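For reference, the structure is listed below as structure tokens.
Read the figures in this text as sums done on the coordinates, not as results from a lab. What you see is a predicted model, and the numbers here were worked out from it, not measured in a lab. Here the Cβ positions follow ideal geometry from the backbone for every residue, glycine too, while neighbour counts run over all protein chains shown.
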Amino acid sequence: MSDFTFLVDLANHPVSLAWALLGVVVAYAVFTLVGFGSTLMASGPLAMLMPVGKVIPMLAMLDFAGSLLRGWRARKEVAWGAFMQLFPGMLAGQLLGVLILAKLPHALMAMVLGGFVVIQGLKGLVQRREAARLPRFAIGHGLFGGVLGGLFGSGGFIYAAYLERILESRAAFRATQAALIALSTAWRILLCLSVGLLDLSLLWTALAFAPAMMLGVFIGHHIDLRVNREQLFMLLNGLLVASGTTLVIRFL
């Protein structure tokens, strides 16, 4: 079944389509606020409707568009020194992650992805910050985040954990994170194309979900400023647990 045919068929199932669109809206609202989390949030609802091997590259296209816009607007604030500390490891890690993604069965990938999302959500609820057992050095953060990005479509929280430690300016943190995600997703798209995980017909699917992505970005920009960082991360991690649990139950 082509991706265009998939969209036509999905339009005949409005409840499933609404669930997927809502997942994308929430995911990109969170992404706009904290600089990561789009794939972790959206992968659960989308993986119930399409193979995980298609979810990851499709969201990579949406991530690239959103991150490129954010990074370009704040390009003067990018801390290029910190960026280059992470970038080489990220390139190598994503290559490894995409190669693994291309070999694993879709059902197994869905189970692993769901478990991964639940673990990240629970860890965030308990620790309140993504910190404890990350690699110590920049190359380790880049490599580990790259593997998670290539395999699960989300290594942004690894980069964010490192950048928050070394950048005092919130503007520099946001701009550097956006630039890193934009280039990492562009690299992931090229890798997915090279191993046959992504073809041009998948662009139809990405375009169909682009309005939901843009609505999420708009909502993220207009969230009430009274919502503090602690409340935001509690909400994010709670939604991660719910999304991942739903995905695991679906494929049990």
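Separation of segment 92-123 and segment 40-65, taken as the distance between their Cα centroids, equals 12 angstrom. With a Förster radius of 30 Å applied to the C-beta separation of I219 and T245, the computed FRET efficiency comes to 0.80.
For the pair A18 and V112 in one chain, pulling the backbone fully straight at 0.36 nm per residue adds 31.4 nm over the alpha carbon distance.
What's the local net charge at A42, with K and R +1, D and E -1, over the other residues with C-beta under 13 Å away? Numbers along the way, then the final one.
Working: positive: K54; negative: D63.
Here the charged neighbours net out to 0.
A straight chain from W204 to Q231 at 0.36 nm per residue would run longer than the Cα-Cα distance by 6.1 nm. Shown here are the Rg and Dmax of the Cα trace of segment 8-86, at 15.1, 50 Å.
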